Amino acid sequence: MKPSFHTNLFDSVRNAPLAWAGAVVVAVLPVAVVAFKREAPVTAVAAAPEAIPSVATRTTNDASSWFSGADNPFLTEEQARERRLRASVARVEEVLRRRPDVLDVTVLTAASGDARANGPSAVVTIHMRDGVVPLPLVDATGTLLAAAVPGLKAQDVTVIDEVTGIRHSRARGRTG
């Protein structure tokens, strides 16, 4: 007589209980951490009822942001800091791309620990649809990145016009 699936499973658990216990912990731990994670205090929000996401949507978004975001408790402080920096720089790129006259933007940052730099610095290439990068956009780019990258000063942001190659080495419109 051939043993049933349940008999094989029970024999497997009986013969290797620690392996099965480890597998259960690995499978359940991420869900338990997300479920028991402390939430920020709820404050009253004056919003339309349709603007509040359902519980199922919030749970799915919380889990994915937990794994990919800087709040993941399994990250080191350095990894969490790096993820926050990447998210801030991505938001700056997104804001600059929303302008109708900007075709593409690329932001490169160098941390203060870099041997070639005294402090944090950034280089931004901007491809305009028509014309050259206007000086107010150079200033805005420096200001946005200075706010997004800890320790970065607006004058340490170099903006390069991708089409003409003009290099704005400082915020406030100085070219070099």
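Here, each number is a calculation from the coordinates, and none is a lab measurement. Keep in mind that this is a model prediction, so the values were computed, not measured.
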Per 0.36 nm of contour for each residue apart, how much would the distance between Ala23 and Val95 grow if the chain were fully extended, relative to their Cα-Cα spacing?
21.5 nm
Segment 75-158 - percent relative contact order, Cα under 8 Å, separation 6 or more
27 percent
